[in-house]
Amino acid sequence: MNAKWFFRLCAGVALLAIIATACAAPTPAPSQPVPPTAPAATQPPAPTQPPAPTAAPASKYKEAPQLAEQVKAGTLPPVDQRLPENPLVIETVESIGTYGGVWRRGFLGPSDFNNYVRVVYDALVRFSPDGSKVVPHYAESLTPSSDFKTWTVKLRKGAKWSNGDPFTADDILFWYNDVLLNKDITPSIPTWMKNKDGSTVQVQKVDDYTVTWTYNNANTTFPLELANKDNGDRQYAVFLPSKYLKQFHAAYAKQEDLAKMATEAKFKTWTELFANKQSPPENPERPVMAAWMPVNRISEEVFTLRRNPYFVGVDQEGNQLPYIDEVQFKFFADAQALTAAALAGELDQQERHINLLSYPLFKENELKTGKIRVITWPAFGGGDAEVFFNLTYAKDEDLGKLLREKDFRIALSYAINRQEIQESAFLGLGEPRQGVAAPGHPYYPGDEYAKKYTEYKPDEANAMLDKLGLDKKDAEGFRLYPGATKRIVVELSVVPVFGPWPDVAQLIAKDWEKVGIKTNVQVRERSLHFQLRASNDLQAEIWNQDTAGFPFTGNPKYDVRTILAGNITLGPLNKQWYDTGGKEGMEPLPEIKKIVELIDKGKTVGPDEQAKIAQEIFKIWVDNMFEIGTIGLTPLDQGVCVVNANMRNIPTKLGKDWPLRTPGNSRPEQWFYKK
């Protein structure tokens, strides 16, 4: 990974144009002329015959046998008519693949929505496999103006949705005019679509295949933003099947028809109906652009995706992708059951929900049976089990005030024995660190900040807590609030996914209780945890920090304005304060305001200045201990990849992080089963 090159590209220096010719369709070899054959001189000329019908020219593209059968039966147009004029060429990792097979994968139910998002990586542009640049996908090119205020997006002419409808600029304008600017659907404009003055960015149609985004200020990070606008975290993608969705939108459908459809589908409002109908995993009738399309709902026991016959991609020899026929997500009640299925060889590729502690078992199985391969994908930086505090917790005024106290958070960091966590929960892998970029990354703030407050200093923690006036304890040795008999109790919420987070939580709770802070660990189902996060009811939680390489885009966990976009619990009422211009919610701490200002500034400058700003953000973040880091730089979070030994074209080296939509950035469309 050349991180410096990555940031130069993403700042727009090398994105003056995403070269369309790099993704041009393969040119067929010219046919060889056949010399004419003269009739034998002794033979009379043959009787005149009616001309034979002209044979259809051979296609320069190839397709899956099932699709070829449909074409032959007349139920599907020929592949040349299904592909755009300039298809996306996806280079294979090892070799040209063969068609067929079902990719068996596990998921934990509807709340595991992003499992689907990561597999299809359904965006106009995407990150390259190593994360070093943003490259074309459904968009053919992406070009900035000289001042980086206007970005021009060109779509692939002739591209189609999975039902055969044309994919055009109107599908982006529908998102902009009828979804983004519709206050019933989008109550507040997301940060990335706002100018510095709070006004909304302008999106305009130039022609059927060209759209512009125009900012009042320079925006050098636009490509990174666009690479994440793919329905991730259930946010609307920036392109929607307008022809299909208009029947569910109040601007196009009759009110009585909408009301009837909403009632029949058991929704209270047309906006709830619309949100459901636009979501591919919840509505298999909705056309998609991705390589595979849902054929049933994510709420079913086996959620199935099937090959999209109109997918825009081909391999370097002109074979339409994907190679694999279907993706089947099998439901498991918990991550432990999913991991057991992977160990038993019942899943063909899985990294999500694979527990790091199972790594030795998988390696042993790999050596014994030869039926699986185990690949590890490291993270860009950050941390693998972080404690995030809710700075706007309001149910208990005393606790809320304490959580906003910097020295309280620092004391709790000093109280944690990270070496014990590293050995018992991370197999000795990784290192104690805070949630900042990795060494060698241009955003790395230096060893001082990566390691700050990570030393195990229980005596220092006790002294700091005493100094805060928390020196009185009850009969069990737990600290009391100043001037009261009320015990301080912190609830640490954790979800049993991705790794041994419940184990980490118990170890942290044990350490905090040693310095007198009573800690209750609550292990919760993912969707309930998210509900409590959004409603401002979490006090503290454990999650990973997977946005350290992307502090300016992709819903960074350093930006309180993105909390309800699937982000951590830093301060839901701070987000409300920003969304309402200070009329509602809670005013952020000065340091949080400063971070927000720096994030916005970083979107307007070049790579060298971005690096300085990112380092400043990390220093403020660590100095104030808004996030307590434990262990980082391990393959814990979706980095242990278990693969069927016959599944090929899966890279052994891959950039891994949520903004990259791993494993989507590995291009699963070109994976195949070796026969």
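The values are calculated or read from the model by the stated rules, or taken from the named source; none is laboratory data. The model shown is predicted, which means the values in this text are computed figures rather than measured ones. Glycine gets a Cβ as well: all are built from the backbone with ideal geometry, and neighbour counts include every protein chain shown.
Which pairs turn up if I take residues in the stretch 437-452 that are more than 13 Å from ASP623 (Cα to Cα) and look for partners that are of a type in the set (A, V, I, L, M) and assigned to a loop (DSSP other than H, G, I, E, B) with beta carbon separation below 6 Å, at least 6 apart in sequence or on another chain?
ALA437/ALA548
Name every residue in the stretch 458-494 that is small (Gly, Ala, Ser) and either modelled with pLDDT of 95 or more or within 19 Å of TYR393 (Cβ to Cβ) (or both), in order of residue number. Can you show your working first?
The first filter runs over the stretch 458-494 and keeps only residues small (Gly, Ala, Ser), leaving 461, 463, 469, 475, 477, 483-484, 493.
Of everything in the stretch 458-494, those that are small (Gly, Ala, Ser) and either modelled with pLDDT of 95 or more or within 19 Å of TYR393 (Cβ to Cβ) (or both) turn out to be ALA461, ALA463, GLY469, ALA475, GLY477, ALA484, SER493.
Among strands (runs of 3 or more DSSP E) lying entirely in the stretch 83-160, which contain 1 or more residues that are closer than 19 Å to ASP171 by Cα?
Working: elements: 102-107, 125-127, 134-136, 139-144, 150-155.
So the answer is 125-127, 134-136, 139-144, 150-155.
Does at least one position in the stretch 78-90 carry a residue that is crowded, with 18+ Cβ neighbours inside 10 Å and over 13 Å from GLN320 (Cβ atoms)?
Yes, there is a match, as at least one residue in the stretch 78-90 is crowded, with 18+ Cβ neighbours inside 10 Å and over 13 Å from GLN320 (Cβ atoms).
With (1) part of a helix (DSSP H, G or I); (2) closer than 30 Å to ASP600 by Cβ; (3) among the hydroxyl-bearing types (Ser, Thr, Tyr) as the list, and TYR236 as the residue in question, which single condition is left unmet?
Only one criterion in (1) part of a helix (DSSP H, G or I); (2) closer than 30 Å to ASP600 by Cβ; (3) among the hydroxyl-bearing types (Ser, Thr, Tyr) is unmet by TYR236, namely (1).
Taking the criterion of being touching a Gly at 6+ places or on another chain (Cβ under 9 Å), part of a strand (DSSP E or B) and surrounded by fewer than 24 Cβ atoms within 10 Å (Cβ to Cβ), would at least one residue in the stretch 327-342 satisfy it? Walk me through it before giving the result.
Of the residues in the stretch 327-342, the ones touching a Gly at 6+ places or on another chain (Cβ under 9 Å) are 329-333, 335, 337-339, 341-342.
Checking the rest, the ones that are also part of a strand (DSSP E or B) come to 329-331.
Okay, now just the ones that are also surrounded by fewer than 24 Cβ atoms within 10 Å (Cβ to Cβ), so 330-331.
Taking every residue of the stretch 327-342 in turn, at least one turns out to be touching a Gly at 6+ places or on another chain (Cβ under 9 Å), part of a strand (DSSP E or B) and surrounded by fewer than 24 Cβ atoms within 10 Å (Cβ to Cβ).
Kindly indicate which of LEU598, LEU538 is part of a loop (DSSP other than H, G, I, E, B), on the phi < 0 side of the Ramachandran plot and among the hydrophobic types (A, V, I, L, M, F, W, C).
Values: LEU598 fails: part of a loop (DSSP other than H, G, I, E, B).
Sole residue among the options that is part of a loop (DSSP other than H, G, I, E, B), on the phi < 0 side of the Ramachandran plot and among the hydrophobic types (A, V, I, L, M, F, W, C): LEU538.
Among the numbered criteria (1) buried (at least 23 other Cβ atoms within 10 Å of the Cβ); (2) touching a Leu at 6+ places or on another chain (Cβ under 8 Å); (3) closer than 20 Å to ASP112 by Cα; (4) free of Cβ contacts under 8 Å to residues at least 60 places away in the same chain, which one does VAL494 miss?
Here VAL494 meets the rest and fails (2).
Report, by residue number, each residue of the stretch 378-409 that is assigned to a loop (DSSP other than H, G, I, E, B), modelled with pLDDT of 95 or more and surrounded by fewer than 21 Cβ atoms within 10 Å (Cβ to Cβ). Talk me through it step by step, then tell me what you get.
If we filter the stretch 378-409 for residues that are assigned to a loop (DSSP other than H, G, I, E, B), which is where we start, we get 378, 380, 382, 390-396, 404-405.
Next, only the ones that are modelled with pLDDT of 95 or more stay: 390-396, 404-405.
Matches in the stretch 378-409: ALA394, LYS395, ASP396, ARG404, GLU405.
Quick grid of which residues meet (1) farther than 18 Å from GLU627 by Cβ; (2) surrounded by 17 or more Cβ atoms within 10 Å (Cβ to Cβ); (3) among the basic types (Lys, Arg):
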position: LEU429; (1), (2), (3): yes, yes, no
position: THR454; (1), (2), (3): no, yes, no
position: ASN462; (1), (2), (3): yes, yes, no
position: LEU468; (1), (2), (3): yes, no, no
position: LYS472; (1), (2), (3): yes, no, yes
position: ILE488; (1), (2), (3): yes, yes, no
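Of the conditions (1) more than 23 Å from LEU108 (Cα to Cα); (2) among the aromatic types (Phe, Trp, Tyr); (3) under 23 Å from the mean Cα position of the chain (by Cα), TYR236 satisfies every one except a single condition; which number is it?
(1)
Can you confirm whether TYR414 is modelled with pLDDT of 95 or more, hydroxyl-bearing (Ser, Thr, Tyr) and more than 22 Å from PRO360 (Cβ to Cβ)?
Values: modelled with pLDDT of 95 or more: yes; hydroxyl-bearing (Ser, Thr, Tyr): yes; more than 22 Å from PRO360 (Cβ to Cβ): yes.
The answer is yes for TYR414.
Can you name every residue in the stretch 612-650 that is surrounded by fewer than 24 Cβ atoms within 10 Å (Cβ to Cβ), under 23 Å from the mean Cα position of the chain (by Cα) and among the small types (Gly, Ala, Ser)?
Within the stretch 612-650, GLY639 is the sole residue that qualifies.
Which of the residues that make up the stretch 651-674 are more than 19 Å from the chain's Cα centre (by Cα) and surrounded by fewer than 22 Cβ atoms within 10 Å (Cβ to Cβ)?
Start the filter on the stretch 651-674 by keeping residues that are more than 19 Å from the chain's Cα centre (by Cα), which leaves 652, 670-674.
THR652, TYR673, LYS674, listed by residue number.
Could you tell me whether LYS395 is out of contact with any Phe, Trp or Tyr (no Cβ under 6 Å at 6 or more places or on another chain) and over 29 Å from PRO294 (Cβ atoms)?
On the way: out of contact with any Phe, Trp or Tyr (no Cβ under 6 Å at 6 or more places or on another chain): yes; over 29 Å from PRO294 (Cβ atoms): yes.
So LYS395 passes the test.
Name the residue that is surrounded by the fewest Cβ atoms within 10 Å (Cβ to Cβ), counting only residues in the stretch 196-213 that are at pLDDT below 95 and farther than 29 Å from GLU272 by Cβ. Can you show your working first?
Filtering the stretch 196-213 for residues at pLDDT below 95 gives 196-198.
Remaining after also requiring farther than 29 Å from GLU272 by Cβ: 196-197.
Details: LYS196: 14, ASP197: 7.
Here the answer is ASP197.
Filter the stretch 344-360 down to residues that are aliphatic (A, V, I, L, M) and at pLDDT below 95 and give me whichever is farthest from the chain's Cα centre (by Cα). Step through it out loud before you land on a result.
Going through the stretch 344-360, the residues aliphatic (A, V, I, L, M) turn out to be 344, 347, 354, 356-357.
Next cut, at pLDDT below 95 only: 344, 354, 356-357.
On the way: ALA344: 28, ILE354: 18, LEU356: 21, LEU357: 24 Å.
Residue satisfying both the conditions and the ranking: ALA344.
I'd like to verify a number: residues in the stretch 268-286 that are surrounded by 22 or more Cβ atoms within 10 Å (Cβ to Cβ) and not in a helix (DSSP H, G or I), how many?
Residues meeting the conditions: 2.
Can you tell me which residues in the stretch 161-199 are under 30 Å from GLU597 (Cβ atoms), out of contact with any helix residue (DSSP H, G or I) (no Cβ under 6 Å at 6 or more places or on another chain) and outside any helix (DSSP H, G or I)?
Matches in the stretch 161-199: LEU181, ASN182, LYS183, PRO187, ILE189, PRO190, LYS194, ASN195, LYS196, ASP197, GLY198, SER199.
Among (1) surrounded by 18 or more Cβ atoms within 10 Å (Cβ to Cβ); (2) under 27 Å from ASP171 (Cβ atoms); (3) in contact with a strand residue (DSSP E or B) (Cβ under 9 Å, 6 or more places away or on another chain); (4) of a type in the set (Val, Ile, Thr), there is one condition VAL295 misses while meeting the rest; what is its number?
(1)
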